[in-house]
Amino acid sequence: MKSNSEKIAEIKEKNPQPEQASSAAREPLFHVSKNSVMSRGKALAIRGCSLLAALIITGILGVLLVHINPFRIYKEIFKGPFVDIWTMLQDTALLLCFALAVVPAFKMKFFNMGANGQVLVGCLAAIGVMKFLTPYMPNWAAILLMLVVACIAGVIFAVIPAVFKAWADTNETLFTLMMNYIAIELVNYLVFVWDKSGSGTLGIVNLISHAGWVPNIGNKYVLPVIVAVLMTVFMTVYMNYSKHGFEAALVGESVNTAKYVGINVKKVMIRTLALSGLLCGILGFVYAGAVSHTVNAAVGGKGFTAILVAWLAGFNPPIMALVALLVTFLTSGTQYASSSLHLGSTDFASITVGIFFFFVIGSEFFIRYRVELTARGKKVFKIKSKKGGEV
Amino acid sequence: MLKLISILTDAIAMGTVYLFGSVGETIQEKAGNLNLGTPGIMCCGALGGGFGVWLCSAHATDAAASPGWLFVVVSILFSMIFASAAGLIYAFLTVTLKANQNVVGLALTTFGVGVMKFFSKMIYSDTVFCNASAYFKNLFGNVGSGWFSKIFLSHGILVYLAIIIAIFTSVFIKKTRIGLNLRAVGENPATADAVGINISAYKYAFILIGSAVSGLGGLYYVMDKTNGTTFTEAPVEAFGWMAVALVIATMWKPVLSIFGSILFGGLYVISAYLPLSFSQIKLFGMVPYVITIVVLIVIRLLNKKDNQPPASLGMSYFREER
């Protein structure tokens with residue numbers, strides 16, 4: 001006769017042991033749950049860590065490429081932006097303007113990828129006036145006309161996808177993306193037509209007469225900065241305190257709620273995109289009148305980065321200014337480092353900025369969610385304490 | 001007639017870039033992930049292919065030491081590995097860390113384009129790449145000048161590979177159990193989770209596979225379409241966006257993508273064949289994009305049930321949030 005315990009042992013031997021087997025197979029190492037509150041300091045610390053991690057990866061990459069002390073790379077990165085501080089300020093201002101221009105649409109959850117194209121056509125229209133109409137009118141009138149046509153062009157390019165989204169619910173991401181390429185092709189075509197030399201580029205327009213150039217305020221970098229400051233103030237007020245801004249944000253939160261309280265969603269959509277286009281048009285005018293004095297596809301080049309900037313800052317204009325500064329700092333720093341240390345081409349900067357975005361986007365997870373080790377996770381990592389808030 | 005044959009041949013050749021990209025993107029979208037990083041992934045695929053060519057040529061002391069097929073196989077392999085690695089970044093951020101898919105995609109595109117431009121300059125050498133490109137072209141050798149052989153048999157190995165992958169993907173998604181599960185993950189992950197499908201595993205697997213397929217588009221453009229001449233300056237990014245648009249234009253159906261890509265390719269090449277002045281050719285450049293927009297609108301207006309995107313496209317899945 002076998003004892004009961006022996007029988008049980010026998011049964012256990014014959015059959016796979018369910019509770020152990022299943023827990024080993026199914027229980028994950030971490031338990032993830034929603035994080036309702038996190039102190040600002042802790043959130044900031046997490047973001048700081050992600051920035052640090054991005055810099056470390058950049059350093060490692062630099063070491064692998066040219067075999068030098070990583071601290072020399074960091075030194076160059078931090079030295080670079082200060083070599084030409086006005087250019088950095090101007091680039092920051094331009095990036096910030098781009099980011100501010102996409103905010104109204106994004107608050108509405110309208111994924112407007114078309115800022116590139118909207119700025120580009122704005123710039124194109126202003127350059128058209130600059131090239132052909134400046135002889136016939138006083139300079140102040142020409143500059144005013146440039147601003148007006150740039151705004152109209154920007155608004156038209158922004159409103160077209162909005163109308164189709166409102167009317168037929170087309171996919172706005174791809175629509176606006178295609179509008180970017182239409183803008184680029186339009187520029188290619190008109191530059192070809194306007195440029196009599198056949199070089200395919202317009203060159204600096206009115207290089208000698210400076211007709212249609214916005215007069216320098218202090219120096220030529222100040223105007224974009226002023227525009228950026230004004231836009232930041234305007235967008236802060238518009239999004240937080242105006243009825244229009246509230247309606248756009250409500251449509252973004254829930255279309256049904258907006259309809260329920262009697263908001264005309266289609267009207268709000270078109271109006272908000274018109275504002276987006278207007279800001280892009282102004283920016284296009286700034287490019288034409290004060291920054292590039294010419295038009296080419298590079299004018300719209302900051303648009304995608306700007307979307308990332310706006311998103312990382314939670315569409316909060318003052319924070320966007322900080323993020324734009326950080327991104328520009330990193331870009332010009334790595335560009336400087338890559339040329340002074342012979343890391344190869346300046347495309348190294350877009351790799352660094354890409355890595356930076358990956359880390360910062362990824363770090364949002366640790367702010368939104370709480371990660372704890374499960375019982376099995378603790379066993380695997382040999383942690384006995386109850387603190388599992390692994391970050 | 002002769003013109004028509006050349007246009008069709010060119011359209012198929014150009015369309016293959018879009019076809020790889022859009023089939024790869026379709027695979028990922030079926031798993032509920034809208035990957036706007038596809039342009040960047042295609043750039044990484046092009047770089048990987050270039051790396052493969054560089055590797056083969058660097059380790060070959062004379063031409064006979066590494067036969068043509070080795071160049072092709074190694075660069076396809078590395079193209080897929082590089083593209084999958086880029087896809088892995090996207091998968092980790094969107095699936096494990098539940099980040100916004102659009103934002104991660106844009107960052108990946110910035111990154112991928114930068115990586116390709118930066119590293120391609122280090123490994124590019126025009127003679128090696130031009131010579132190697134011959135191995136990618138004319139799979140069936142010299143096929144004569146009949147219209148059938150010209151249109152259908154005069155292409156490189158990657159063109160046929162693209163069509164095979166498209167057909168296989170279509171059958172796989174529609175007819176197999178794994179394909180059914182994949183669609184469930186894209187349509188309603190909570191339900192799929194409830195019946196015991198491992199959502200994360202499916203998303204990871206198909207994002208990586210889809211990325212690998214997309215990446216081949218970059219390789220094809222560099223090594224076959226442009227004979228290895230434009231590696232460092234290839235506008236792969238623009239083609240990537242067209243590929244993303246093609247997915248919607250063909251309503252998430254890979255077989256339809258074959259014809260859609262030929263149409264898109266045709267629009268891209270046709271201006272060279274029309275009696276246009278130089279400025280008109282420039283103006284014609286925007287036609288592919290206008291047509292894409294028109295297709296997007298028409299598909300929305302038709303509004304049929306089986307034309308719609310996977311229901312949970314673009315959303316990350318968190319089990320405790322129901």
(request) Would you mention how many residues in segment A:66-99 are touching a Ser or Thr at 6+ places or on another chain (Cβ under 7 Å), charged (D, E, K, R) and surrounded by fewer than 23 Cβ atoms within 10 Å (Cβ to Cβ)? (result) 1
(request) Output the residue which, of all residues in segment A:163-214 that are within 27 Å of A:Trp140 (Cα to Cα) and among the small types (Gly, Ala, Ser), is nearest to the other protein chains (Cβ to nearest Cβ). (result) A:Gly203
(message) Tally up the residues in segment B:109-139 that are at the interface with chain A (Cβ under 7 Å from one of its Cβ atoms) and either of a type in the set (A, V, I, L, M) or surrounded by fewer than 19 Cβ atoms within 10 Å (Cβ to Cβ) (or both), please.
(response) 4
(request) Would you check if A:Phe357 is under 30 Å from A:Leu64 (Cα atoms), of a type outside the set (D, E, K, R) and modelled with pLDDT under 90? (result) no
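Select from segment B:200-232 the residues that are within 14 Å of chain A (Cβ to nearest Cβ) and touching a residue at least 24 places away in the same chain (Cβ under 8 Å) and write down the one among them that is surrounded by the fewest Cβ atoms within 10 Å (Cβ to Cβ).
Here the residue is B:Ser200.
Could you check, for segment B:63-76, whether at least one of its residues is under 30 Å from B:Val185 (Cβ atoms) and surrounded by 23 or more Cβ atoms within 10 Å (Cβ to Cβ)?
Within segment B:63-76, one or more residues are under 30 Å from B:Val185 (Cβ atoms) and surrounded by 23 or more Cβ atoms within 10 Å (Cβ to Cβ).
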(message) If I filter segment A:19-65 down to residues being exposed (fewer than 11 other Cβ atoms within 10 Å of the Cβ) and polar (S, T, N, Q), which single residue comes out as modelled with the highest pLDDT?
(response) A:Ser39
(message) Restricting to segment A:333-368, name every residue that is outside any helix (DSSP H, G or I), surrounded by 17 or more Cβ atoms within 10 Å (Cβ to Cβ) and within 13 Å of another protein chain (Cβ to nearest Cβ).
(response) A:Leu343, A:Ser345, A:Thr346, A:Asp347
(message) On the basis of being within 26 Å of B:Ile167 (Cβ to Cβ) and over 14 Å from the mean Cα position of the chain (by Cα), does B:Ala201 make the cut?
(response) yes
(request) Residues that are over 17 Å from A:Asp91 (Cβ atoms) and of a type in the set (S, T, N, Q): find the helices (runs of 4 or more DSSP H) completely inside segment A:214-291 holding 1 or more of those. (result) A:222-241, A:255-260, A:265-286
(message) Taking the condition of being more than 8 Å from chain A (Cβ to nearest Cβ) and of a type outside the set (Ser, Thr, Tyr), how many residues in segment B:93-108 meet it?
(response) 3
(message) One residue is enough: does segment A:273-290 have a residue meeting the conditions touching an Asp or Glu at 6+ places or on another chain (Cβ under 8 Å) and either touching a residue at least 24 places away in the same chain (Cβ under 8 Å) or buried (at least 24 other Cβ atoms within 10 Å of the Cβ) (or both)?
(response) no
(request) From B:Gly266, B:Gly260, grab the single residue that is under 30 Å from B:Gly179 (Cβ atoms), more than 9 Å from chain A (Cβ to nearest Cβ) and among the small types (Gly, Ala, Ser). (result) B:Gly260
(request) Go through segment A:164-202 and give me each residue that's of a type outside the set (D, E, K, R), within 24 Å of B:Arg300 (Cα to Cα) and not in a helix (DSSP H, G or I). (result) A:Thr170, A:Asn171
(request) For segment A:291-332, name all the residues that are surrounded by 18 or more Cβ atoms within 10 Å (Cβ to Cβ), within 12 Å of chain B (Cβ to nearest Cβ) and over 19 Å from A:Glu364 (Cα atoms). (result) A:Lys302, A:Gly303, A:Phe304, A:Thr331
(request) Could you look through segment B:164-191, keep only residues that are in contact with a Leu (Cβ under 9 Å, 6 or more places away or on another chain) and buried (at least 18 other Cβ atoms within 10 Å of the Cβ), and pick out the one that is nearest to B:Leu77 (Cα to Cα)? (result) B:Ile165
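Residue-wise test of (1) within 18 Å of A:Tyr181 (Cα to Cα); (2) surrounded by fewer than 19 Cβ atoms within 10 Å (Cβ to Cβ).
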{"position": "B:Ala238", "(1), (2)": "yes, yes"}
{"position": "B:Trp241", "(1), (2)": "yes, no"}
{"position": "B:Leu246", "(1), (2)": "yes, no"}
{"position": "B:Val255", "(1), (2)": "no, yes"}
{"position": "B:Ala272", "(1), (2)": "no, yes"}
{"position": "B:Leu276", "(1), (2)": "no, yes"}
(request) Only helices (runs of 4 or more DSSP H) wholly contained in segment A:28-109 count here; list those with 3 or more residues that are more than 21 Å from the chain's Cα centre (by Cα) and in contact (Cβ under 8 Å) with a residue 60 or more places away in the chain. (result) A:40-66, A:70-83
(message) Could you check segment B:108-144 and list, in sequence order, the residues that are within 25 Å of B:Pro67 (Cβ to Cβ) and outside any helix (DSSP H, G or I)?
(response) B:Tyr124, B:Ser125, B:Lys137, B:Asn138, B:Leu139, B:Phe140, B:Gly141, B:Asn142, B:Val143
(message) Here's a check for you: in segment B:278-290, which residue that is in contact with a Phe, Trp or Tyr (Cβ under 8 Å, 6 or more places away or on another chain) and not small (Gly, Ala, Ser) is surrounded by the fewest Cβ atoms within 10 Å (Cβ to Cβ)?
(response) B:Phe278
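The values are calculated or read from the model by the stated rules, or taken from the named source; none is laboratory data. All of these numbers come straight from a predicted model, not from anything done at the bench. Note that each Cβ is placed from the backbone with ideal geometry, even for glycine, and that neighbours are counted across all protein chains shown.
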